[in-house]
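Some notes on the structure that comes next.
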Amino acid sequence: MEHTEHILSYGKLTAVWVALLVLTAATIMVTRFELGVWKVWAALAIASVKSGLVIAFFMHMKYEPRLFRIILFVALFTLAGFIGGTFFDVLYR
Amino acid sequence: MSHAEKDSFGAKLGMWLFLFTEMLLFGGVFILYSVYLTRYPKEFGLGGHQLDLVFGATNTVVLLTSSLFAAMSVTAIKRGAKQLTLGLLSGTIGCALIFLFIKYLEWSAKFHHGIYPNSPKLIAGPPGESIFFSLYYLTTGLHGIHVIIGGILMTWTAVMVQKGMLNSADNVTLENVTLYWHLVDLVWIFIFPLYYLIL
């Protein structure tokens, strides 16, 4: 297995941290308004972006072999399947 | 790299597979939350407004910062900066302790108001409110246990760095422990909006 080690610079990691703090502030602000169900979707969308940043950079996924990303998506689709299936049952029973 | 040529690819792959089981574990708790939220939206709303946004937001910043230190410690050890690695790991552990202390303040304030699993106040109240707080204690408690385990692992790793057992050539244990730490952060990234913000 060809393995080129990639080391993330402190500057890049700090930039990711700043982005995460800005997104945290944004999610607090956006959920202070009465947006009804959109509030939930906005908060979950921001949380997903934050997770993406943590996984890609802090957890180094962007620089890992493709196999890692494949199993990541298998896990996420499995979870999405559980959630979808549960709601199909809860909402249409 | 003469003696034990470590399979760091395999070690990291194994860690990721374990982390996926953790995601599914917390995913299950989040499914319970969302199902009961659709069933008892009003009670969940009332419950959520009793949580302290300042505590929640502070802990979010503390965890994000701990994750930054953890990620930086991987860079530091790969560049051979032993003292900096130890300093950054201490920073992560310090943030873990601050997080747990804030969680303690938060929980004890709730207990003080008679809100804890099976408390007379919750038993007398509507079932939705009792479910909300049970899920709150289950989710943040499970997350808190992960913070404690992560802190212990981080301390153990720091000792190995100090002894030179982990170094610029062989550091996959440190990488795996930081991966675990980032998962703890990931879970909180969802707990915070679901319990403190959207209700």
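The values are calculated or read from the model by the stated rules, or taken from the named source; none is laboratory data. Since we're looking at a predicted model, the values are computed, not measured. We place every Cβ from the backbone using ideal geometry, glycine too, and count neighbours over all the protein chains shown.
Here is how the numbers come out for the structure above:
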read-out	value
Residue check for A:Phe73: outside any helix (DSSP H, G or I), among the aromatic types (Phe, Trp, Tyr) and more than 9 Å from chain B (Cβ to nearest Cβ)	no
Residue ID - farthest from the other protein chains (Cβ to nearest Cβ), chosen from residues in the range B:33-47 that are of a type in the set (Gly, Ala, Ser) and surrounded by fewer than 20 Cβ atoms within 10 Å (Cβ to Cβ)	B:Gly45
Answer from B:Gln83, B:Gln50 - the residue that is under 29 Å from B:Val177 (Cβ atoms) and surrounded by fewer than 16 Cβ atoms within 10 Å (Cβ to Cβ)	B:Gln83
Residues located in the range B:44-99, provided they are among the polar types (S, T, N, Q), under 22 Å from B:Val161 (Cβ atoms) and in contact (Cβ under 8 Å) with a residue 24 or more places away in the chain	B:Thr65, B:Ser66, B:Ser67, B:Ser73, B:Thr85, B:Ser90, B:Thr92
Scope the range A:8-46; condition β-branched (Val, Ile, Thr) and surrounded by 13 or more Cβ atoms within 10 Å (Cβ to Cβ); matching residues	A:Thr14, A:Val16, A:Thr24, A:Thr27, A:Ile28, A:Val30, A:Thr31, A:Val40, A:Ile46
2 or more residues within 14 Å of another protein chain (Cβ to nearest Cβ), of a type in the set (S, T, N, Q) and under 21 Å from the mean Cα position of the chain (by Cα): qualifying helices (runs of 4 or more DSSP H) within the range B:86-199	B:172-191
Residue in the range B:1-20 that is at pLDDT 95 or above and of a type in the set (Ser, Thr, Tyr) present	no
Only one of A:Gly11, A:Gly36, A:Gly52 that is over 14 Å from the mean Cα position of the chain (by Cα), more than 24 Å from B:Gly80 (Cα to Cα) and not polar (S, T, N, Q)	A:Gly36
